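Asks: Structure below; questions to follow.
The values are calculated or read from the model by the stated rules, or taken from the named source; none is laboratory data. All of these numbers come straight from a predicted model, not from anything done at the bench. Methodologically, a virtual Cβ is constructed for each residue, glycine included, from the backbone with ideal geometry; neighbour enumeration extends over all protein chains shown.
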């Protein structure tokens, strides 16, 4: 692919690429970065692009995947779950705080032993607050599969505490 062909392709697709990137990363600056990184990657693989039937779909897929990589990288930099667990209420006494922290550690240890797909979906939904659709795009699982994994993870926690509370 020559520079002229690449420029024509980029001119036709850059706005669509930006919209896809923005839908994934939800930030204007990061979406621009994703498009720029995608264009560099497409340019570096331009020899392969000549054998691709649907060049637009190829470019959109690269953009979407680069956006997902950006989101995953951002999520890896988040704080530890224990920092999000706040028991320092004004009405809580020291005993209740200690009990709450112990319960939290038990839950955290139990979640750590769950299958990776259950743990990942549970953390993304209940701790990070992502929607099913966002979790689906992050993990690559269908929305229905995300719901099943989340339900199973929650049921495991519920059953665990039913049997250990008795």
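Asks: Would you pick out the residues in segment 20-35 that are part of a helix (DSSP H, G or I) and surrounded by 14 or more Cβ atoms within 10 Å (Cβ to Cβ)?
Replies: Of everything in segment 20-35, those that are part of a helix (DSSP H, G or I) and surrounded by 14 or more Cβ atoms within 10 Å (Cβ to Cβ) turn out to be 20, 21, 22, 23, 24, 25, 30, 31, 32, 33, 34, 35.
Asks: Next up: Out of everything in segment 131-166 that is within 15 Å of the chain's Cα centre (by Cα) and part of a loop (DSSP other than H, G, I, E, B), what residue ends up being modelled with the highest pLDDT?
Replies: Among residues in segment 131-166 that are within 15 Å of the chain's Cα centre (by Cα) and part of a loop (DSSP other than H, G, I, E, B), the one modelled with the highest pLDDT is 142.
Asks: If you go through segment 89-123, how many residues are touching a residue at least 40 places away in the same chain (Cβ under 8 Å) and within 13 Å of the chain's Cα centre (by Cα)?
Replies: Matching residues across segment 89-123 total 1.
Asks: Are any residues in segment 113-130 in contact with a helix residue (DSSP H, G or I) (Cβ under 9 Å, 6 or more places away or on another chain) and either modelled with pLDDT under 85 or buried (at least 18 other Cβ atoms within 10 Å of the Cβ) (or both), and if so, which ones?
Replies: Keep residues of segment 113-130 that are in contact with a helix residue (DSSP H, G or I) (Cβ under 9 Å, 6 or more places away or on another chain), which gives 113-115, 117-128, 130.
Within segment 113-130, 114, 118, 120, 121, 122, 123, 124, 125, 126, 127, 128, 130 qualify.
Asks: Quick check: is even one residue across segment 48-67 surrounded by fewer than 16 Cβ atoms within 10 Å (Cβ to Cβ), in a helix (DSSP H, G or I) and at pLDDT 90 or above?
Replies: Taking every residue of segment 48-67 in turn, at least one turns out to be surrounded by fewer than 16 Cβ atoms within 10 Å (Cβ to Cβ), in a helix (DSSP H, G or I) and at pLDDT 90 or above.
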